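In what follows, a structure is listed as structure tokens, so that the remarks can point back to it.
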Amino acid sequence: MLIRSFLSLALLPLLAIATSSLATGDENSPPNVVFFLVDDLGYMDIGANNPDTFYETPNIDQLSKSGTRFTDGYAANPVCSPTRYSILTGKYPTRVDATNFFTGTRPGKFRPAPLNNRMPLEEVTLAELLKASGYATFFAGKWHLGPSEEYWPEHQGFDVNQGGHNAGGPYSGKRYFSPFENPRLEDNTTGEHLPDRLAKEASKFIDQHKDEPFLAYLSFYSVHTPLMAPPELVQKYKDKAKRLGLTDKEAFGEEEKVWGKADWKGRPVRQLQSHATYAAMVEAMDRAVGRVLKQIDDLGLTEETIVILTSDNGGLSTSEGWPTSNLPLRGGKGWIYEGGIREAFMIRAPGITKPGTTCSEPVCSIDFYPTILDLCGQAAPKEKTLDGVSLQPLLRGEESLDRESLYWHYPHYSNQGGFPGGAIREGDWKLVERYEDGQVHLYNLKEDIGELNDVASQNAQRVAAMRDRLHRWYKDVDAKFLQPKDGQQPWHPFED
């Protein structure tokens with residue numbers, strides 16, 4: 001751990017910066033930061049984005065009303081680990097080949113691109129920067145950013161780690177109910193529900209550090225599989241579905257098939273929100289968010305605390321229980337269509353954000369790192385590569401950022417059926433490029449949010465320009481691509 005110790009010492013002079021609090025706070029007291037990361041939460045799963053959602057999310061909806069909700073907020077990747085990396089580093093995960101969930105190496109027609117399955121220890125994380133400047137730092141929940149203990153939260157800048165290790169879900173013990181048998185979460189009361197326990201730990205930490213600046217990063221295992229929830233909540237939604245006349249008979253449609261069962265003509269995709277257990281998981285997670293927000297209020301910290309909520313990828317709609325629908329967004333987790341990458345994305349920064357505002361500027365999980373540092377009056381080390389930009393101008397009401405494009409790179413066959421591909425968004429336009437054969441599609445998201453009308457043939461000049469910028473970005477981040485299989489060669493952007 002000599003490298004880690006050296007980095008901590010080296011950062012101290014860089015972080016001897018005058019800090020400023022939120023506009024309404026003490027100029028000598030930097031703001032607190034509470035970050036909620038929900039696993040697999042779909043964009044259309046919350047009332048703030050979808051008034052007709054089957055699920056009930058009053059606490060998240062109220063948080064949205066108290067700050068700025070981004071209607072076009074994105075994850076950096078359609079699956080978990082890469083997006084988690086982007087939040088903590090401010091960088092596109094492609095830069096370190098962290099392009100799939102860690103350990104995800106499913107082959108398809110071709111072999112996937114090489115995968116780095118850990119967040120490098122040399123990375124200067126958000127937690128490390130804040131900790132070096134005097135913040136108490138706390139992590140709870142899902143980590144999934146490294147295969148062994150030296151890569152876990154306590155070695156990446158967090159003073160406290162409650163539940164974060166290598167696993168991508170609550171797969172040990174009784175899973176969502178104690179005993180959890182989690183190597184970083186002590187078992188207490190038998191039958192304790194995991195999201196409630198994580199909220200308790202976060203609330204306890206906030207109380208213990210209420211007199212000093214803190215970062216509380218609550219990364220729920222919910223609403224990831226296994227699909228489990230308290231029985232009384234499941235029954236509530238079974239009754240609700242029955243009352244509304246919702247059944248699974250009309251719940252499914254077809255998505256394209258990349259791989260799957262021989263008898264599948266297309267891949268099944270859920271088109272109706274009616275899954276009672278999933279609905280109960282969403283509400284239980286929302287209650288946990290509410291518990292932490294209440295603690296902030298009860299301690300009188302509301303005007304001193306930045307609160308952020310987002311997800312790591314889109315809702316699970318095409319496999320593993322098919323629990324939610326993302327319509328009108330196409331696809332879901334594991335797809336580079338909007339259903340896989342457009343996320344719940346909201347920020348409350350008292351004194352800066354105006355309650356109840358929305359912003360349609362495209363933003364991404366790479367932007368959280370510079371935004372939080374900016375709101376806390378800090379800056380990243382000059383030598384650090386940053387792909388994200390501070391969103392503070394948007395939070396203050398400015399109309400747009402000085403940024404031309406956002407990019408995605410997913411050179412893998414997802415567990416959920418998604419195809420290997422890349423994408424670029426510029427304004428209302430999104431270009432999708434397939435890595436098996438190099439085929440491209442162009443969508444106008446303002447007119448076609450469901451990505452059903454490919455207009456590439458009518459916009460040859462735009463396609464060429466966007467594709468050129470996408471390919472230049474591939475080179476900038478040293479993107480890797482599909483590998484040969486069984487003597488067959490996949491398409492490559494830089495080979496004839």
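The values are calculated or read from the model by the stated rules, or taken from the named source; none is laboratory data. All figures in this text were calculated on a predicted structure; none of them were measured in a lab. Cβ atoms come from the backbone with ideal geometry, glycine included; neighbour counts cover every protein chain shown. These area figures cover heavy atoms from the full protein model, side chains too; ligands, DNA and RNA do not enter into them. Shrake-Rupley method; radii C 1.70, N 1.55, O 1.52, S 1.80 Å.
Every listed requirement among (1) among the polar types (S, T, N, Q); (2) open to solvent by 30 Å² or more (accessible area, probe 1.4 Å); (3) under 24 Å from residue 270 (Cα atoms) is met by residue 439 save one, (3). Is it the case, given these coordinates, that residue 324 is under 26 Å from residue 355 (Cβ atoms), open to solvent by less than 40 Å² (accessible area, probe 1.4 Å) and touching a residue at least 24 places away in the same chain (Cβ under 8 Å)? Spelling it out, it is not the case that residue 324 is under 26 Å from residue 355 (Cβ atoms), open to solvent by less than 40 Å² (accessible area, probe 1.4 Å) and touching a residue at least 24 places away in the same chain (Cβ under 8 Å). Restricting attention to the range 185-204, the residues that are of a type outside the set (A, V, I, L, M, F, W, C) and not in a loop (DSSP other than H, G, I, E, B) add up to 8.
The set of residues in the range 174-189 that are within 16 Å of residue 149 (Cα to Cα) and among the basic types (Lys, Arg) contains only 184. Within the range 250-281, if we keep just the residues that are β-branched (Val, Ile, Thr) and out of contact with any helix residue (DSSP H, G or I) (no Cβ under 6 Å at 6 or more places or on another chain), the residue that is farthest from residue 326 (Cα to Cα) turns out to be 258. Give me the pairs: first residue in the range 28-41 and on the phi > 0 side of the Ramachandran plot, second residue assigned to a strand (DSSP E or B) and among the small types (Gly, Ala, Ser), beta-carbon distance under 8 Å, and six or more apart or on different chains, which are they? Note: pairs meeting the criteria are 40/311.
The residue of the range 205-224 that is nearest to the chain's Cα centre (by Cα), among those that are more than 18 Å from residue 310 (Cα to Cα) and in a loop (DSSP other than H, G, I, E, B), is 213. Within the range 350-391, restricting attention to residues that are without any contact (Cβ under 8 Å) to a residue 40 or more places away in the chain and under 19 Å from the mean Cα position of the chain (by Cα), the residue that is surrounded by the most Cβ atoms within 10 Å (Cβ to Cβ) is 371.
The set of residues in the range 247-279 that are open to solvent by less than 80 Å² (accessible area, probe 1.4 Å), of a type in the set (A, V, I, L, M), modelled with pLDDT under 95 and out of contact with any Phe, Trp or Tyr (no Cβ under 7 Å at 6 or more places or on another chain) contains only 251.
All told, residue 33 meets the bar of being modelled with pLDDT of 95 or more and over 24 Å from residue 338 (Cα atoms). Got at least one residue in the range 385-393 being out of contact with any Asp or Glu (no Cβ under 7 Å at 6 or more places or on another chain) and modelled with pLDDT under 95? Yes, there is a match, as at least one residue in the range 385-393 is out of contact with any Asp or Glu (no Cβ under 7 Å at 6 or more places or on another chain) and modelled with pLDDT under 95. Checking each residue in the range 453-479 for being part of a loop (DSSP other than H, G, I, E, B), open to solvent by 50 Å² or more (accessible area, probe 1.4 Å) and in contact with a strand residue (DSSP E or B) (Cβ under 8 Å, 6 or more places away or on another chain) picks out 453, 454.
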